[in-house]
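The next block holds one structure in the form of structure tokens; read it before the comments.
Throughout, read-outs are computed from the coordinates displayed, never taken from laboratory work. In this text the structure is predicted, and so the values were computed from the model without any measurement. Here Cβ is always computed from backbone atoms with ideal geometry, including for glycine, and neighbour counts include all displayed protein chains.
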Amino acid sequence: MNKAITDGLVLMPTPFGDGLDVWSSGDGTPGSDTYENAANALFIAADQDFAGSLELLKTQNTQKLRFMGQTPLLPGCYLRVSARVKAISGNLPSVRIGGYPAAGNGSRVNGLPEFSTFTTLQSYGEVVEISAIIGTGARGGVDMVWGTTPVYGHFGIDLVGPNGGIIRVDDIQIEDVTSVFLRDMISMVDVTDYGALGNGNTDNTAAFEAANSAANGRTVFVPAGNFRLASDVTIDTPVKFEGRVSMPDNAVLLLRRNFDLPTYIEAFEDEEVAFKKAFQALLNNVDHETLDMGGRKINVTEPLDMAATVPGTTSYATRRVIRNGQLEAAATAAWAPEVVSSAATYSASDSRTLTAVSNVASIPVGALVEGAGVGREVYVRSKDLSRQEITLNKPLYDAEGRQNYTFRKFKYLIDFSGFNSLSKFVLADIEFQCNNRSSGIMLARGGITFHVRDCFISRPADRGITSIGTGCQGMMLDRCQFLSSEDALNVPARKTIGFNVNQNDAKIRNNRATRFRHFGLLGGSNNIFTGNHFFQGDGVTNGVRSSGIILASTSVGTIISNNYIDNCFIEWTNEHDPSPAFTGGFSFSALSVTDNVFLSGDVAPWFSYIVVKPHGAGHFLNGVTISGNRFRSLNGFIDRADRVDTTFADLNMSRCKNFTMTANSYLGVTAQPSNPAHVDFTQSSPDDTWSVDVAQHLAFGGEALSVDAITSIGALRNSNNVRQYLTPYADTVQGANRDQIRLVWPSAVRGKIQATVRMDFR
């Protein structure tokens, strides 16, 4: 920076040879005495040391020489005034730089230093150069700090000491030396000043650490070049990268003052490497709990193995957040699933293990397991090469003995499965743009309260979020959008699944999902599923629909409330039960389905909104509430809203208990059950035995197990039309399907009654 160059400021005084009428013997202010025609001043045109000089006889205790021109002073601009002098004869004086600080009106600005330290001349004929720097700021090397009040100055020299000496003064120089202070002015420390070399080979770790130590709050500057760092480096102050750095995979770069992804991208000039290094620092940095992606989009060319970025770290349980950006799967071959077929042996007594696995080394951890007797979303959690065993995330329901399995490893944009445990981790405001190439997120093998909020899982090829172990314990999905890549496909052709949960306490809230095969599978219990909207229809008339929510265990302890369940259904199975027949426990229990909107259109009449599918005999409903829901079928009636899928087994309806189904509304639904059911019946001719068919009123095709009340509506009359005041008794579970009751009266009567019938025991 040089104001004489950049702004055209005139700083240099006129030479003595142009006349002494602008050189004052006072302060240089207008009207002060000049050296023109002075008896003690003479211009010397030729001198062996000076091209032109002023010869002065010192006659005053402090003899001043000031340029009467107004030298401008600007904030941030530093001027150096210099003069070359030599003694000719007589007493040897001392010489110093002097100046007059002037306000805008020309008056002196008091209280400021007006001269520098003096230099005493030691001999005759010796050329001595003196100088001083004048500026607004108190920086090292500034001799006269004037602040911002003076707007110009009159500069020159002072002669002090004994009188009678003769000296000669070369033309006085004033120049802009702001560049000397530029680094201090912009608070920047260049790593190359501490020995860093940007040749791509030299280890610059020590130089970077030294620059960081010297910065003391100033910005560390990394200029153009490739700076190799062989080990961990921490930079505590702001940092600016013009060049790039490279590091081994296990070396950590901690940017404590610029901890954000854009800065890491500047540092490494590679988005994927920068993301990994920033994540590495996030798990090694106690100063920051959030990695802000700064709205950047990362073009991901292969699955991001997050555990590999922090070698030696197998578990992490301090809250950490990655937020505000996009990860997009690039068009590469790295996303192709790995598919391996292998024979293995399964025993229900060791329900989560496959033994004697052929070619176990080639089977990837995190692979989906497919085969006879394998439920949905069963994955390889871990493997033991020496024992030829595989540990599964869930048991199989009917796979005893040895058979061939297919192991299919999907590839995920971001993969945490290398961690044994990862807890209190948050992904927020991120779009996972899978482009029908990759899947979205694979969770760690263990951990609690993984939280995904306000994210988009866009067009996954196979899966949105996958848990292969217990890393989904207490998982929270809030306000996310799951956007399918299979919108154009009819339901039977779809294969993608939004998410799965193996453990308990999941909270799935206020999400939206479009046209997946299934939105989610919940394999644990004590879940809250509320405020979600998911739809899975197509344009096929009388088309099939797939389940939106799969509950894959019996005693679920789950609340499903206030959702919009559109062209799909709730499916309740026990497909992860190694002994699927009922042998004890609570069976299909502890489920509340309340205040949901169920909607379907153009579906087959046998479609239902809530389907129970036992994979073994003997199960029953226990402690189930279905209330306040709105069931509506468009473009054709359906038979019923509730159904048992008997592909494997039926429910034991004679054991149902504590089942409530009330206050639901039915539009376009033929059967409209409730429990207890209030059944109106009219007997037209007198009879002492009335058979009442309540099949259409019993939920899930249940049995008429009990009668709470019989109420006459109007008078009962005998064959003579005389009123009768009689009370019947009821026989339950009548008829071939046990869905009728029989009312037995003391004598033959006719009339109308309302029976309160239950398909459960309380």
Query raised in the report: Where the centroid of each part is defined by its Cα atoms, how far is the stretch 578-647 from the stretch 35-114 in Å?
Result: 102 Å
Requested in this report: Report, ordered by chain and residue number, the aspartates and glutamates lying within cross-link reach of Lys58, taken as a straight Cα distance under 14 Å and ignoring same-chain residues fewer than 8 apart.
Outcome: Asp158
Query raised in the report: Which cross-chain or sequence-distant (5 or more) residues have an amide H under 5 Å from the amide H of Asp708, H modelled 1.01 Å from N in plane?
Result: Thr756, Val757, Arg758
Query raised in the report: Among (i) 1.64; (ii) 1.04; (iii) 0.99, which is the computed Cα Rg over 2.2 N^0.38 Å?
Result: (i)
Requested in this report: Counting only C-alpha contacts under 8 Å and six or more residues apart, can you give the relative contact order of the stretch 615-762 as a whole percent?
Outcome: 28 percent
Report task. First select every other residue whose beta carbon is under 10 angstrom from the beta carbon of Phe425; then total the charges, Lys and Arg +1, Asp and Glu -1. Result -> +3
**Report entry** Dipole of the stretch 173-255, positive direction: furthest Cα of Ala230, Gly217, Gly195, with charges on the beta-carbon
**Finding:** Ala230
Requested in this report: Rounded to whole Hz and in sequence order, give me ³J(HN,Hα) for the stretch 582-594 from the Karplus expression 6.51 cos²θ - 1.76 cosθ + 1.60, θ = phi - 60°, writing x for Gly and Pro.
Outcome: 6, 10, x, x, 9, 6, 6, 9, 6, 10, 10, 10, 9
Requested in this report: Counting only C-alpha contacts under 8 Å and six or more residues apart, can you give the relative contact order of the chain as a whole percent?
Outcome: 6 percent
Report task. Could you state the angle between the C-alpha long axis of helix 271-282 and the longest principal axis of the C-alpha atoms of the chain, as a value from 0 to 90 degrees rounded to the nearest 10? Result -> 90 degrees
Query raised in the report: Within the stretch 265-374, which trypsin sites (Lys or Arg not before Pro) sit in a loop by DSSP and count at most 14 neighbouring Cβ atoms inside 10 Å?
Result: Arg319
Query raised in the report: So who's got an amide H within less than 5 Å of the one on Met188, skipping anything under 5 residues away but keeping other chains? H placed 1.01 Å off N, in plane.
Result: Thr219
Requested in this report: Working from Cα positions, state the angle (0 to 90°, nearest 10) between the long axis of helix 205-215 and the longest principal axis of the chain.
Outcome: 70 degrees
**Report entry** Computed over the stretch 1-118: relative contact order in percent, which uses C-alpha pairs under 8 Å that are six or more apart
**Finding:** 21 percent
Query raised in the report: For the stretch 224-299 and the stretch 122-149, what is the separation of their Cα centres, given in Å?
Result: 44 Å
Report summary line: Karplus ³J(HN,Hα) for the stretch 737-745 (6.51 cos²θ - 1.76 cosθ + 1.60, θ = phi - 60°; Hz, whole; x = Gly/Pro) runs 9, 6, 10, 10, 10, 10, 9, 10, 9
**Report entry** In Hz, Karplus ³J(HN,Hα) per residue of the stretch 354-360 (6.51, -1.76, 1.60; θ = phi - 60°; x = Gly, Pro)
**Finding:** 9, 10, 6, 7, 5, 6, 4
Query raised in the report: Can you give the net charge of the other residues whose Cβ lies under 12 Å from the Cβ of Glu486, counting K and R as +1 and D and E as -1?
Result: +2
**Report entry** Too-long pairs where the Cα-Cα distance tops 21 Å, listed order kept, from Lys297/Lys411; Lys394/Lys613; Lys409/Lys613
**Finding:** Lys409/Lys613
Report task. Distance between Cα centroids, the stretch 661-738 to the stretch 334-394: provide it in whole Å. Result -> 53 Å
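Compare the peptides 20-27, 717-724 by average per-residue count of other Cβ atoms within 10 angstrom and give them in order, highest first.
Sorting 20-27, 717-724 by mean packing, highest first, produces 20-27, 717-724.
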Report task. Compare the Cα positions of Asn511, Leu599, Ser547 along the charge dipole of the stretch 473-629 (+1 at Cβ of Lys, Arg; -1 at Cβ of Asp, Glu; about the Cα centre) and return the one farthest towards the positive end. Result -> Asn511
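Treating only the Cβ of Lys, Arg, Asp and Glu as charged (+1, +1, -1, -1), what charge dipole size does the chain show about its Cα centre? Round to the nearest 20 debye.
So the dipole magnitude of the chain works out to roughly 2940 debye.
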